[in-house]
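Since every read-out is calculated from the coordinates, none of them should be taken as a lab result. Values in this document were obtained by computation on a predicted structure and should not be read as measured data. All Cβ positions, glycine included, derive from the backbone under ideal geometry; neighbour counts span all protein chains shown.
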Amino acid sequence: MGKLVSIAELFVLASLPAFAQERGSKDVSVEYSYVRANPATTGFPDFNANGGSASFAFSPRNWYGIAGEFSGYHIGRVGRVNVGTDLFTFMFGPQLYFHHYRRFSPFAHELLGVAHSGNEFGITGSHNSFTMALGGGVDVPFWGHLSLRVGPIDYLLTQFPETRSSRMTQNNLRVSGGVRWRF
């Protein structure tokens, strides 16, 4: 886990000077995030995960950008069982902006990456999986370069192997909200 976080941090830090040299806009957002997890195993209950996410987006064009996102969630209970584990996602992908409105700016994205968890979906030990987030939200400017970020609301796919099942695809819902600073 430590190596994965270190690699993600190194990638972000190494790419910041390159983004600073480019024309276009950049934005950083920090958000509270909620996941409603839906395991594929029959009889295994849906559960909640609360956490947060931070993202960075570079937009060489007014309508298109590349976004990177790191999210972390804590899972306390699954059904009646205390699991006390964490779920982390590291994703990157395209983000589209729709600036046709004066008081708000909708966006849509498709992010692909890696999810990391221990004891996730009824498995013991630490596991990595493919993850994808597909969704969008709205940025509402409220003061200078700051915006209130409503969403994104995403379909969050993960592919952790589950016990007692040959299925590995979890179809989850993710809802986030926070603030964005555009510079």
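If you take all C-alpha pairs in the range 56-119, what percent of them are over 13 Å apart?
Working: 1405 of 2016 pairs.
Every Cα pair in the range 56-119 considered, those over 13 Å come to 70 percent.
For the peptides 140-149, 53-62, what is the packing order when you average, over each peptide's residues, the other Cβ atoms within 10 Å and list the highest mean first?
On the way: 140-149: 13.6, 53-62: 17.2.
Going by the mean number of other Cβ atoms within 10 Å, highest first, we get 53-62, 140-149.
Residues in the range 76-88 carry Karplus couplings, in order, of x, 10, 10, x, 9, 9, 7, 9, x, 10, 10, 10, 10 Hz; the curve used is 6.51 cos²θ - 1.76 cosθ + 1.60 with θ = phi - 60°, and Gly or Pro positions show x. Between amide H atoms placed 1.01 Å from N, distances below 5 Å from G118 occur with D86, H127, all of them 5 or more places distant or on a separate chain. Backbone phi angles across the range 52-60, fed through the Karplus curve with coefficients 6.51, -1.76 and 1.60 (θ = phi - 60°), yield HN-Hα couplings of x, 9, 10, 9, 9, 10, 10, 10, x Hz in residue order; Gly and Pro are listed as x.
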